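First the structure, in the form of C-alpha cells, and then the observations on it.
Derivation of every value follows stated rules applied to the coordinates shown; laboratory data play no part. Just so it is clear, the structure is predicted and the values come from calculations on it, not from any experiment. Glycine also receives a Cβ, built like all others from the backbone with ideal geometry; neighbour counts cover every protein chain displayed.
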Amino acid sequence: MAIRKRSHQTDAADWLAAYDQQLRGDAETRGAVAVKHLGPLHLATFPGQRGFITYRDLAGADEDAIRKLVAEARSHFAADPSVTRVEWKTRGHDQAPGLHDALVDNGFNPEDPESIMLGRAELLAVDVTLPAGVTLRRVEERDDVRAMAQMQALVFGDDDFAERADAILQHLRDSEELELWVAEHGGQIVSAGRLERVPGTQFAGIWGGATLPEWRGRGIYRALTAARARSALARGATLIHSDSTEFSRPILERAGLIKVATTTPYQHTPDRKLG
C-alpha cells in the first residue's frame, strides 16, 4: 500500500495499513544471519547473540495455538547456543488472544510500551538552531561507534555497550542502508541516533535516539532528527517510522507525525535446559 500525498493529514487507518504491509515480517529481519519460519512467526538470529521474533499477524490463531507458538519459539532459541537474549515484538493492535500470559509463562518479561510513529520525512527536515558549540556528523569508524554505543548504553541503562557496538559495526559493513548520526560538544557525544532505509518501501526508520539528561530540552534531538530526515529524503524515502519512548514521542508529534499504535518488547534469556 502506498501513502499518496493528499495533505499533511492522512487517516491513521491508512498509515497503520502501510505499516503492517511494508514494515513487518521480512522487512524486520534484513541483516539476520538466520531466519526460521514457524507458522506466522519469523524467528531471526542477529549478530550480537540476539534472537528476534516478529510476524505480520498471527493468522487468526486462538489462545491454545498462540501458547504453542510461544513455547516452540522459546525452545528454538534455547537450542541455539549462539543466542543469549531474545526479543518478542508485540503490537497493541494485533488480534492475539492470551499472548501476554503465554509470553510471561514462558519467561518473557515485558518492557515499557513504545509509540509507533509515522509521518512524512519532509515534516522533520527543518532547520533547528543548535546550542553553541554543538555539531552534528555521521560516524562510521570503530572508535566513534563505540563511543556512541557507550553513551546510548548510559542513557538506556544497558551495560553491554561493547557487544552492541560490535553488532552495529557488523551491520554497517553488511548494509548500505544504515547511517549513524551523533551530536558532539567538546569532543563528547551528547546525543545519537541511527537512520535505516527500508528497501522496497517508501520508509526509513529513525532509531536509537538518546540524549544525555543534562543536554535534553535544548533542540539537539530535533536537530539530529532533522539531519536524518534530510538524509532519508536524499535516499528516496519520503516516509518516516519510529518506535518512540515518551521522551521522543511528543517531539515527533509536534512535528506532525502521528501515533498509530503501540509496540511492547518482551525480553527473554534462553534456558539451555529447555533446548
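Summing charges over all other residues whose Cβ lies under 11 Å from the Cβ of TYR55, with Lys and Arg as +1 and Asp and Glu as -1, gives -1.
Looking at the square roots a ≥ b ≥ c of the eigenvalues of the Cα gyration tensor of the stretch 122-275, which shape do they give, rounded for a/c under 1.5, prolate if a/b is larger than b/c, or oblate? Taking the square roots of the gyration eigenvalues as a ≥ b ≥ c, the stretch 122-275 is rounded. Each label was represented as a point 7 Å from its Cα along the Cα-to-Cβ direction; for GLU246 and GLU72 these points are 3.8 nm apart.
What number, rounded to the nearest 500 deg cm²/dmol, is the helix-based mean residue ellipticity at 222 nm of the chain, given -39500 (n - 2.57) per DSSP H run of at least four residues and division by all its residues? Can you show the working numbers first?
Values: 8 runs with 89 residues, N = 275.
Result for the chain: -10000 deg cm²/dmol, rounded to the nearest 500.
Which net charge results when you count Lys and Arg as +1 and Asp and Glu as -1 among the other residues whose beta-carbon is under 13 Å from that of GLY187? Value of the local net charge: -2. Here the extension length gained between GLN95 and ALA12 equals 28.1 nm, from 0.36 nm per residue of separation less the Cα-Cα distance.
How do SER191, SER248, SER82 rank when sorted from fewest to most other Cβ atoms within 10 Å of their own Cβ? Before the final figure, lay out each step's value.
Values: SER191 27, SER248 22, SER82 12.
Least crowded to most crowded, the residues run SER82, SER248, SER191.
Taking a sphere under 15 Å around the Cβ of THR262 and counting the other residues whose Cβ falls inside, with K and R at +1 and D and E at -1, yields a net charge of -3.
If you run the Gaussian network model on the chain, springs between alpha carbon atoms under 10 Å, then out of ASP64, ASP144, ASP26 the most flexible one is ASP64.
So for the chain, averaging the separation of alpha carbon pairs under 8 Å that are six or more residues apart and normalising by length, what relative contact order in percent results? Intermediate values should be presented prior to the final figure.
Working: 518 pairs, mean separation 73.1, N = 275.
Computed over the chain, the figure is 27 percent.
In percent, rounded to a whole number, the relative contact order of the stretch 119-262 is 31, using alpha-carbon pairs under 8 Å and six or more apart. Between GLN170 and ARG230, the simple spin-label model (points 7 angstrom out along Cα→Cβ) gives 3.4 nm.
Each label was represented as a point 7 Å from its Cα along the Cα-to-Cβ direction; for LEU123 and HIS37 these points are 3.4 nm apart. What is the magnitude of the charge dipole of the stretch 58-183 about its Cα centre, with +1 placed on the Cβ of each Lys and Arg, -1 on the Cβ of each Asp and Glu, and no other charges, expressed in debye to the nearest 20? Here the stretch 58-183 has a charge dipole of around 120 debye.
Net charge dipole, the chain: roughly 740 debye, given to the nearest 20, about the Cα centre with Cβ charges of +1 for Lys and Arg and -1 for Asp and Glu.
Counted by neighbouring Cβ atoms within 10 Å, the residues VAL198, VAL70, VAL83, VAL35 run from fewest to most as VAL35, VAL198, VAL83, VAL70.
Which residues among the stretch 42-71 fall inside the zone where the amide N is under 14 Å from a point 7 Å beyond the Cα of ALA79, along Cα→Cβ? Answer for the stretch 42-71: 43, 71.
For the listed peptides 12-21, 232-241, a ranking on the average number of other beta carbons within 10 Å per residue, highest first, reads 232-241, 12-21.
To the nearest 20 Debye, how big is the dipole of the stretch 119-262 about its Cα centre, given +1 on the beta carbon of each Lys and Arg and -1 on that of each Asp and Glu?
Once rounded to the nearest 20, the dipole reads 620 debye.
Need the C-alpha centroid separation for the stretch 211-275 versus the stretch 55-98, integer Å. If we compute the Cα centre of each part, the gap is 24 Å. For the pair ARG138 and ASP62 in one chain, pulling the backbone fully straight at 0.36 nm per residue adds 22.7 nm over the alpha carbon distance. Among beta bridges identified by DSSP and lying wholly in the chain, the antiparallel ones come to about 90 percent.
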